[in-house]
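The structure under discussion appears below in the form of structure tokens.
No value in this document is a laboratory result; all are computed from the given coordinates. Just so it is clear, the structure is predicted and the values come from calculations on it, not from any experiment. Counting neighbours? That spans all protein chains shown, and the Cβs are built from the backbone with ideal geometry, glycine included.
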């Protein structure tokens, strides 16, 4: 009889984390591959699905199940991907994923669901994801959902890495022109992009091969400038925190959760910036939702995706033993792969 495993993927506009787990919650394989938000890829759903398939193959190989072993079967695959609507998975992406992934069941959902599951071990509360993009998703006890944000970098994603990077570059350009206050962001632009003048930034940003990541890559520099005391950068980062809190409130309000005790989970690389983002986020959230309880997950969203795959396979993923196995085995994965928490 084939060994049954589950597969979880958490993907966005920059990368996709993939993990394979046993049915007792033990994560045995991990891989990090390219982006899987089909709205941000030139190859659309097909390219996103290929990246996820590569992640599955590499995670299976990391677990020692590579080479197309016939004695291993993926019982359920839960793909938590950016660019997927909170209510209905994008049909084209779902079909592409089902064709690419060899599993008994392939489930596609918004990446926010994995973030929520990683923080509270169940599908209730609010999760705010701030990575390359940003979105807030609320789920009530009846399973109803609401969302705020997630409009993409062209008209939204406030508070995201893309947004912070954009606002930082705007501030640097304005300072260079004399239209805005002086800021150390100008020097950081030169260092980040290896140029000798801010004027050369046009050639970098509008080169044919440039993509949205080239702007999001500037986010850590904006945060660093804020921590160093640059007032312009500090205002950008504070506004990011407040925007993320507003998104959480707006999503909760749609379901009547804004005035009741409920968890608000934070997820995504932007929240790893520390107090620069977290402090204005928590201050604004406390003003808007006094009863909210902020939860910082102990494990990343990919572990939440594995838990959701376990649920699809009929496993009680909230059971203490399963939760303990997920947390313990993830720590082992981090050590093996040299990951930073």
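Quick rundown of the values:
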{"item": "Label point distance in nm, residue 197-residue 291, each placed 7 Å from Cα along Cα→Cβ", "result": "6.0 nm"}
{"item": "Cβ crowding within 10 Å averaged over residues, with 328-334, 4-10, 141-147 ranked highest first", "result": "4-10, 328-334, 141-147"}
{"item": "Size-normalised alpha-carbon gyration radius of segment 83-240, reference 2.2 N^0.38 Å", "result": "1.27"}
{"item": "Descending semi-axes in Å of segment 1-144, equivalent ellipsoid built from Cα gyration tensor", "result": "24, 18, 13"}
{"item": "Residue 228 paired with residue 328, simple spin-label distance in nm, labels 7 Å along Cα-to-beta-carbon", "result": "4.5 nm"}
{"item": "Sorted by Cβ density within 10 Å, fewest first, the residues 264, 204, 33", "result": "204, 33, 264"}
{"item": "Helix axis angle, 91-100 relative to the chain longest principal axis, alpha carbon, degrees", "result": "50 degrees"}
{"item": "Centre separation in Å (Cα based) which lies between segment 192-253 and segment 1-77", "result": "30 Å"}
{"item": "Ratio of Rg to Rh over segment 163-218 (Cα coordinates, Kirkwood Rh, two decimals)", "result": "0.93"}
{"item": "Mean Cβ count within 10 Å, highest first, over the residues of peptides 279-288, 207-216", "result": "279-288, 207-216"}
{"item": "Helix-only mean residue ellipticity at 222 nm for the chain, each DSSP H run of n ≥ 4 adding -39500 (n - 2.57), per residue, nearest 500", "result": "-14000 deg cm²/dmol"}
{"item": "Crossing angle, helix 161-177 versus the chain [Cα axis fit, 0-90 degrees, rounded to tens]", "result": "10 degrees"}
{"item": "Hull shadow area, averaged, segment 73-146 [alpha-carbon convex hull, nm²]", "result": "5.4 nm²"}
{"item": "Pairwise FRET efficiency - residue 124 versus residue 71, Cβ, R0 = 35 Å, nearest 0.05", "result": "0.40"}
{"item": "Net length gained if the chain between residue 217 and residue 174 were fully extended (0.36 nm per residue, minus Cα distance)", "result": "13.5 nm"}
